[in-house]
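K.L.:
Take this structure first; my questions come after.
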Amino acid sequence: MTSPQNILVLSGASLMRYPTVLNHRAYCDRHGYEYRFDCSPRKHVKKFFFHKLHALREALHSCDWLFWLDDDAAFMQLDTPLETLVPEMTNPSAAESPDTIFCKSPVNNGVWTHISSGNFLIRNSASSHALLEACLATELRKVRDWWDKEKYGFYTGGDQDALVYQIETTAAWRAKSLILPYDRFNCRSFHFEQAADHFLVHFTNAAGKTKLDQMIEFSARMGLDDFLLPAGAADDYAKYHDHLRLNCRFPAKPGAVPGP
């Protein structure tokens, strides 16, 4: 299937950590979306969180809409295109279309955030490019002093807070920002009874468990494979399986060999 819009799905980190990259690719191939995983080092990055902002700035010009998702998130409803999930992005009038579409976060052990920058849509527009530039120039100490915990929730000290600050303090960006309920595309593993219950699962920090541990447990509970995909969905990418398992430090399996 080919999307009528030029949609880019972008993920990344300072290195490849999780097997979700194969999940992302399988989803994008079903819908004709371009997929990139950006782990390229850059000069003068303030914090690792800001790697995301640099990646977004460099990629946004090449698409109509960009869907960022963190490498600790995975698609669960592989047959649901973004245009169906988020019809707000298909408004034919650019003047009425939002520039950014976020989800709220769920409450997780009493903690919540105003938005999640772990999974969000951003439209290729002059305003969006200006927003990213402003976020990259943001001094987080200033954001920390401005932050209202009762209004904006937990302060993470990263790109998410820079986005909140710039959008909330600039009327033009606030008017073009849409915040959806968390269950549109920002669910946690504890929201699932079946794998297809929600569009996307986003793993977050949990006491005593790494995110990879959480992914392995979730996959077993949902009947998914090592790449958080249903049976057979990863078959076309078989050459990469052992390489990804080793690269992401899965428990060793007999006969596994490193890739090239």
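K.L.:
All but one of (1) under 21 Å from Ser117 (Cβ atoms); (2) touching a residue at least 40 places away in the same chain (Cβ under 8 Å); (3) buried (at least 19 other Cβ atoms within 10 Å of the Cβ) hold for Cys28; state the number of the condition that does not hold.
P.N.:
Only one criterion is unmet by Cys28, namely (2).
K.L.:
Among what's in the stretch 211-256 and is under 20 Å from Ala73 (Cβ atoms) and surrounded by fewer than 14 Cβ atoms within 10 Å (Cβ to Cβ), pick the residue that is modelled with the lowest pLDDT. Full working, then the answer.
P.N.:
Step one: list which residues in the stretch 211-256 are under 20 Å from Ala73 (Cβ atoms), which gives 211-230, 233-234, 237, 240, 244-245, 247-250.
Retained after the next criterion (residues that are surrounded by fewer than 14 Cβ atoms within 10 Å (Cβ to Cβ)): 213, 217, 220-221, 223, 249.
Details: Asp213: 94, Glu217: 96, Ala220: 96, Arg221: 98, Gly223: 98, Arg249: 83.
Result: Arg249.
K.L.:
Taking the residues in the stretch 196-210 that are of a type in the set (Val, Ile, Thr) and crowded, with 17+ Cβ neighbours inside 10 Å as candidates, determine which candidate is farthest from the chain's Cα centre (by Cα).
P.N.:
Taking the stretch 196-210 and keeping what is of a type in the set (Val, Ile, Thr), we get 201, 204, 210.
Cutting the leftovers down to crowded, with 17+ Cβ neighbours inside 10 Å gives us 201, 204.
On the way: Val201: 10, Thr204: 12 Å.
It comes out as Thr204.
K.L.:
Does the stretch 71-85 contain at least one residue that is open to solvent by less than 10 Å² (accessible area, probe 1.4 Å), out of contact with any Asp or Glu (no Cβ under 9 Å at 6 or more places or on another chain) and within 22 Å of Gln166 (Cβ to Cβ)?
P.N.:
Within the stretch 71-85, not a single residue is open to solvent by less than 10 Å² (accessible area, probe 1.4 Å), out of contact with any Asp or Glu (no Cβ under 9 Å at 6 or more places or on another chain) and within 22 Å of Gln166 (Cβ to Cβ).
K.L.:
Of the conditions (1) closer than 30 Å to Ser127 by Cβ; (2) in contact with a Leu (Cβ under 9 Å, 6 or more places away or on another chain); (3) not in a helix (DSSP H, G or I), Phe250 fails just one. Which one is it?
P.N.:
Status for Phe250: all satisfied but (1).
K.L.:
Of Thr80, Thr84, which residue is of a type in the set (Ser, Thr, Tyr) and in a helix (DSSP H, G or I)? Quick ask: steps written out before the conclusion?
P.N.:
Numbers: Thr80 fails: in a helix (DSSP H, G or I).
Just one listed residue meets the conditions, Thr84.
The values are calculated or read from the model by the stated rules, or taken from the named source; none is laboratory data. What you are looking at is a predicted structure, and each value in this text was computed from that prediction instead of being measured. Backbone-built Cβ (ideal geometry, glycine too); neighbour counts: all protein chains shown. Accessible surface areas use protein heavy atoms only, side chains included; no ligands, DNA or RNA. Shrake-Rupley method; radii C 1.70, N 1.55, O 1.52, S 1.80 Å.
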